[in-house]
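Remarks on the structure that follows.
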């Protein structure tokens, strides 16, 4: 089943669809993409003739962390590249970048600045299969991770999390506006609160539903679990022939005593689009854009040589434990969209920051050499 998800991702990559690994994981957990209980999609007559080993393969117990799916996708694409000489296109990063900037409710300046930073560093958005898994740079072999790490670095450059006052040189600078991170955190908390009110349990939540959870669950949570159980476990077909036919009448009687079936009039999965992340992100973006305020312009001609400019006093986080407050909220949201843990997200950002530092040192050495030649 995991290889099937990798093939689906490969097809979407070839079609240039801006679908991420995190999207596939979300579809699997919500039951929109068959994975758990996938045997239900196989006709009963075929399923009965399958060996037990194959039936177990159609009943995976867990998908694992999204990072595992990243790794599996990379291994699948590596096989296609080496064995079949398949040319792998890059991800559709303009659309993916737009989606993420929109879902993170960031100013539109982040879109242009992230694209510019990628060009400056010479980074593309194809799968870098030359980086071996298990190395310190392995997390950057995936283009989605590189793109999200660039977004984080760009955001930290233009809209830092600290309270240090930095002044742009002109009104045309991308950093001429200031972002109120307190408002951003409140908007994220509000949107996440709305998304945490599903009308049905996800596979991930239902399959980890324990006896202790049942004792402390509210009535609506129990209803959701029973609905999930009805749709995924208790809807087996009744066989009329063979050994299974001996219990056919008992099963019919049991279903008559406890009829199954959701009332079509009850709100179900069709109402998910009304509270989708796209609508929530649009509202958050509009509210955040209205809260942006212009910064005071300090031109170079004013004689101020020690003015703190944008990018100065850049704040770095070496480990996940170093990330706190509003920065942690932002890192966690970025990690969620990229399909990473917070630790892996911090690692990817540190690697991009090192590339920026090396590029800056290279420019400085070039400037020093030109000054020496002129002298």
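Observations
- All positions within the range 181-202 that are more than 17 Å from residue 102 (Cα to Cα) and either modelled with pLDDT of 75 or more or in contact with a strand residue (DSSP E or B) (Cβ under 7 Å, 6 or more places away or on another chain) (or both): 182
- Qualifying residue in the range 66-86 (condition: in contact with a strand residue (DSSP E or B) (Cβ under 8 Å, 6 or more places away or on another chain) and in contact (Cβ under 8 Å) with a residue 40 or more places away in the chain): no
- Looking only at the range 170-189, and only at residues there that are in a loop (DSSP other than H, G, I, E, B) and in contact with a helix residue (DSSP H, G or I) (Cβ under 6 Å, 6 or more places away or on another chain), the one that is nearest to residue 329 (Cα to Cα): 180
- Once the range 120-161 is narrowed to residues that are more than 20 Å from the chain's Cα centre (by Cα) and in a helix (DSSP H, G or I), the residue that is surrounded by the fewest Cβ atoms within 10 Å (Cβ to Cβ) is 120.
- Flag if residue 63 is surrounded by 13 or more Cβ atoms within 10 Å (Cβ to Cβ), in contact (Cβ under 8 Å) with a residue 60 or more places away in the chain, touching a strand residue (DSSP E or B) at 6+ places or on another chain (Cβ under 9 Å) and under 23 Å from residue 97 (Cα atoms): no
- Subset of the range 39-59 (residues that are touching a residue at least 24 places away in the same chain (Cβ under 8 Å), surrounded by fewer than 16 Cβ atoms within 10 Å (Cβ to Cβ) and under 28 Å from the mean Cα position of the chain (by Cα)): 57
- Of the residues making up the range 80-97, those that are more than 12 Å from residue 143 (Cβ to Cβ) and surrounded by 14 or more Cβ atoms within 10 Å (Cβ to Cβ) are 80, 81.
- Here residue 293 meets the list (1) surrounded by fewer than 11 Cβ atoms within 10 Å (Cβ to Cβ); (2) modelled with pLDDT under 70 almost entirely, failing just condition (2).
- Checked against the criterion of being over 23 Å from residue 187 (Cα atoms), part of a helix (DSSP H, G or I) and at pLDDT 90 or above, the candidates 364, 354, 318, 326 yield just one match: 354.
- For the range 1-119, the helices (runs of 4 or more DSSP H) that sit wholly inside it and include 1 or more residues that are modelled with pLDDT of 90 or more are 2-14, 21-30, 66-84, 93-103.
The values are calculated or read from the model by the stated rules, or taken from the named source; none is laboratory data. Computed from a predicted model, the values in this text were never measured in an experiment. We place every Cβ from the backbone using ideal geometry, glycine too, and count neighbours over all the protein chains shown.
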